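A short worksheet on the structure shown next.
The values are calculated or read from the model by the stated rules, or taken from the named source; none is laboratory data. All of these numbers come straight from a predicted model, not from anything done at the bench. Virtual Cβ from ideal backbone geometry, glycine too; neighbours counted across all protein chains shown.
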Amino acid sequence: MIGTLDTRKKEVTIIGAGVSGLVAAYFLDQKSYEVTLIEALPQAGGMVRTVRTPYGISESAAHSIPGTTPVIELCDDLKVPLVSCLRDSRARYVWRKGMPKQIPLSLLEVTSTLWRLATTKKSEEPPSSLAEWGKRHMGQKALDYLLNPMVRGIYGCRPEDLLPKKPAASARGVKIVTPEKGMGALTSALESHLHQRLGVRFRRGEPIESLPKVQGNLILCTPPDISARLLSSSSSILAGKLSKVPFSPLISVTAFLPKQNVGFKSKGLGVLMPEVENRKCLGILFNSRSFVGRVTDPDRYESFTLMLGGTSDPGTLDLSQTELDNRVTSELQIVLGLQGDPAHLEYHRWRHAIPIYGRALQEASETAKETWCKSPGQILFGNFSGEVSIRGMIETFQKTKGYSP
Ligand SMILES: Cc1cc2nc3c(=O)[nH]c(=O)nc-3n(C[C@H](O)[C@H](O)[C@H](O)COP(=O)(O)OP(=O)(O)OC[C@H]3O[C@@H](n4cnc5c(N)ncnc54)[C@H](O)[C@@H]3O)c2cc1C
């Protein structure tokens, strides 16, 4: 979150009902504010959507979240049943010399601890990028085969693109969870809850064209380019900075495969692809091997999600459908040993998938703090304001202060 709430003012207007706006509205309503939530589209949820296919579910963006206490409590309150990652599926793989190799979990944990330590050490000259930090503290091999695939698989960009920002508080040891019926079940439950709680103050199908004049707090939960447009007349410098925030472009494809045709049988969360291995995808999630309820007939089909594109291969988003189908099928055949074709491919294309925590975003955040967000009650919130993960969004608003006149 950039900015602070004015807790003496009861009214809060939130623009944008993606998961960030929904979560903000849910907690602020609970904390006695009078919330008005305005969404451009007839339906809330933003990027998060669960598509039902005859073979199973396909997530458009987020797949899962660490099941921290605030996440579990929110889902309990909304009566959204969660499923945990299957006990024997915690393994993560990295592609190396044409084979999936299991990454020892301890290595992942050491990396995040090192990252934390390095970014808090004041005495050292700060590295200019995460790649430089990786080279300094881990060496080239670990940069190539651990940091690079992790960053590409999670953010769709390279360690070279990122500032060595202190990572969010660790959710180490916490189980990964997902709603039984998909992430869309969480946003739908938030939407129905807010529909009941807010009534006419939940305004859907109303695109906001300029910054509204409001009585109390105003929270923009729109992507940075839209927030830039809304702020252009009241804070042109900030608008200019926000409009320059770069995003990684991604295609997420859910592949439903006939179970008997998949050669690679090991369980796990997924496989990450180091750039030096020159594969065409950034990583593959093993959906139905890590969570129940991902396929309609688990005896016959399996579900996987391939991530393609990213800052290292943005041209993927311009491929024709046939070229994409060929690329995805070939990756599945090489990486998972698929015989023949997939049963079904469900595509989600994002030109602006995930904000890149580089210099431009840092400058936009600093400018926001010094200008528009300096006044209490004027807030920017969303996947670019420090909380790219849905867990981070939930935890941020769960601990905000209640209305106190
Ligand atoms: C492929 C992929 C995989 C991901 N995986 C994960 C994951 O596993 N776990 C995780 O935690 N996160 C994941 N994420 C990130 C997560 O899905 C996003 O960060 C999150 O959904 C963004 O939510 P948001 O509310 O910030 O933005 P959005 O979803 O973009 O919501 C913005 C809302 O504002 C509305 N709006 C826009 N303009 C206006 C206007 N003028 N007036 C009114 N309303 C307006 C839009 O219609 C939209 O509803 C993933 C993302 C992608 C792309």
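For the reader, a short list of remarks on this structure follows.
- Residue check, Ile65 modelled with pLDDT under 95, within 14 Å of the ligand (Cβ to nearest atom) and among the β-branched types (Val, Ile, Thr): yes
- Residue in region 81-101 that is surrounded by 15 or more Cβ atoms within 10 Å (Cβ to Cβ), under 21 Å from the mean Cα position of the chain (by Cα), part of a helix (DSSP H, G or I) and in contact (Cβ under 8 Å) with a residue 12 or more places away in the chain present: no
- Of the residues making up region 294-326, those that are of a type in the set (D, E, K, R), in contact with a strand residue (DSSP E or B) (Cβ under 7 Å, 6 or more places away or on another chain) and in a helix (DSSP H, G or I) number 1.
- Verdict on Leu198 being within 22 Å of Gly45 (Cα to Cα), crowded, with 21+ Cβ neighbours inside 10 Å and at pLDDT 95 or above: no
- Some residue of region 285-292 being buried (at least 20 other Cβ atoms within 10 Å of the Cβ), at pLDDT 95 or above, in a strand (DSSP E or B) and away from the ligand (no atom under 15 Å from the Cβ): no
- Qualifying positions in region 31-50 - buried (at least 18 other Cβ atoms within 10 Å of the Cβ), within 12 Å of the ligand (Cβ to nearest atom) and either of a type in the set (D, E, K, R) or part of a loop (DSSP other than H, G, I, E, B) (or both): Glu39, Ala44, Gly46, Met47, Val48, Arg49
- Restricting attention to region 374-387 and to residues that are modelled with pLDDT of 95 or more and within 16 Å of the ligand (Cβ to nearest atom), the residue that is nearest to the chain's Cα centre (by Cα) turns out to be Phe381.
- Filter pass, Ser385 being surrounded by 21 or more Cβ atoms within 10 Å (Cβ to Cβ), polar (S, T, N, Q) and under 27 Å from Ser252 (Cα atoms): yes
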